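To start, the structure under review is shown below, and the notes come after it.
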């Protein structure tokens, strides 16, 4: 099997930074999973004693508490601060940015529209910084709540597609006299998507390596499926089925922004053997 | 000949307001043509002694000076103020708005992008309010001067098409982290355009009445030509040629935002006679 890696794939700046912070800190807890990849979280726990804590009740305030890459809600952060915890912030700066925009714009009287999934931890964090009720949407239809005459500020979940963001921006601009548009989409996600799109056009089969609950990994899968029907999302090499590769020549490989290089290497090695 | 007027046509709010101001004032001068329609300017001169002055040298500072609907440049306004002239502002409030936005945004450090024709008096006026050099464009290609990292504020000439404005907004949003979009397109223009578009689809011939140097009248002509090849722009009933109507049944009529009702009435009367 001829295997080709996408021109850009895997870890983004924010994830590399968070892992580096966790490794340097050691013997600590992360509040919620540090990144969206269980294998890497297991490695940090095993090799650096960095464990994941899901609720306040289980926190050990004698150990440093690392804030995950996707950020947490403002009230949770304030609770941690009230406990005098040793807080180490590994929130990706590209996530801190929409949080700050949301806070600032709502203070200035703008109604904040967040393009994103309201169940995603990143979006929950961003929402929590608004001083008025933010509107979180995935489609134009959900914008009916907005009242004419409002000043609108628009931000995006970092992992969304720019085309969809522009559709929403255009709709708002055509209806409202002032729309302050903050393009908070992360370039890394976009570059991985572009590269996966290109590669999937010339591949017989595409393997996307990443966490199954990772928004950007699922989006890579969707993009690849448009060009290559035989596209699969796997968390590691153990999920690979040899039958997928029957009669195929060219296998493309991409990986989500939270997927460590060591897992991708194992996947490539296994596929190359077919 | 069956004649149908567009659902919306002719004078907009700003033009009605400016004419009413000029009529009430009387015995005055306008600095530049009050509106883009010579016939109406002639009527104001004849019936209300409101003359048009094109340069400072010809101003009579003993008479009130009316600022035209399209606005003037900030330096010209300051010159008039320095002369202690009795200034009566008939600038359309929808034009004052982008002027104020341009001033405010450039003060706050935004680079102002104006979607419009840099030779149009309205745009020249808006440009003059910027504290830094504004970028005036009609197409995305002209945006190459912008530097990454700049905060961008986007406004539009009031008579532009929303579709083109949205294209430029989308381009800027995809390239810059913050774009403050002010939709300064006037609804009146848009409603006249929509109505002309609808009417031109069911007409054998379209007559657009308006000033030949009026941007919004020329745009009406372009829109109608897309649906009805036999579309003509005339300034008054004297330009009508009977040969245009040979073999035609349904004539649609629309008029630019600066076209007075009394001219349109004469046009409709003449066509109805065929």
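For the range B:239-248, name all the residues that are in a loop (DSSP other than H, G, I, E, B) and either in contact with a helix residue (DSSP H, G or I) (Cβ under 9 Å, 6 or more places away or on another chain) or under 13 Å from residue B:228 (Cα atoms) (or both). Before the answer, list the steps.
Restricting attention to the range B:239-248, the residues satisfying the condition of being in a loop (DSSP other than H, G, I, E, B) are B:240-241, B:246-248.
Answer for the range B:239-248, where residues must be in a loop (DSSP other than H, G, I, E, B) and either in contact with a helix residue (DSSP H, G or I) (Cβ under 9 Å, 6 or more places away or on another chain) or under 13 Å from residue B:228 (Cα atoms) (or both): B:240, B:248.
Taking residue B:72 as the residue in question, decide whether it is modelled with pLDDT under 90, within 22 Å of the chain's Cα centre (by Cα), assigned to a loop (DSSP other than H, G, I, E, B) and more than 30 Å from residue B:247 (Cβ to Cβ).
Spelling it out, it is not the case that residue B:72 is modelled with pLDDT under 90, within 22 Å of the chain's Cα centre (by Cα), assigned to a loop (DSSP other than H, G, I, E, B) and more than 30 Å from residue B:247 (Cβ to Cβ).
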In the range B:144-160, residue nearest to residue A:176 (Cα to Cα) [restricted to those that are touching a strand residue (DSSP E or B) at 6+ places or on another chain (Cβ under 7 Å) and more than 14 Å from chain A (Cβ to nearest Cβ)] | B:157
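Identify, from the list A:222, A:250, the residue that is surrounded by fewer than 17 Cβ atoms within 10 Å (Cβ to Cβ), closer than 22 Å to residue A:136 by Cβ, modelled with pLDDT of 95 or more and more than 14 Å from every other protein chain (Cβ to nearest Cβ).
Checking each option against the conditions leaves just A:222.
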Go through the range A:161-210 and give me each residue that's within 7 Å of another protein chain (Cβ to nearest Cβ), assigned to a strand (DSSP E or B) and touching a helix residue (DSSP H, G or I) at 6+ places or on another chain (Cβ under 6 Å).
-> A:179, A:181, A:182
Residues (under 14 Å from the mean Cα position of the chain (by Cα), crowded, with 23+ Cβ neighbours inside 10 Å and under 29 Å from residue B:141 (Cβ atoms)) located in the range B:187-210 = B:189, B:192
Tell me which of these residue A:141 doesn't satisfy, since it passes every other one: (1) away from every other protein chain (no Cβ under 12 Å); (2) assigned to a strand (DSSP E or B); (3) under 30 Å from residue B:158 (Cα atoms).
-> (2)
For the range A:4-23, state whether one or more residues are part of a strand (DSSP E or B), at pLDDT below 95, in contact with a helix residue (DSSP H, G or I) (Cβ under 8 Å, 6 or more places away or on another chain) and surrounded by 21 or more Cβ atoms within 10 Å (Cβ to Cβ).
-> no
State all residues of the range A:211-238 that are in a helix (DSSP H, G or I) and farther than 17 Å from residue A:10 by Cβ; if no residue qualifies, say none.
-> A:222, A:225, A:226, A:227, A:238
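The values are calculated or read from the model by the stated rules, or taken from the named source; none is laboratory data. Since the structure is predicted, the reported quantities are computational estimates derived from the model, not experimental observations. Methodologically, a virtual Cβ is constructed for each residue, glycine included, from the backbone with ideal geometry; neighbour enumeration extends over all protein chains shown.
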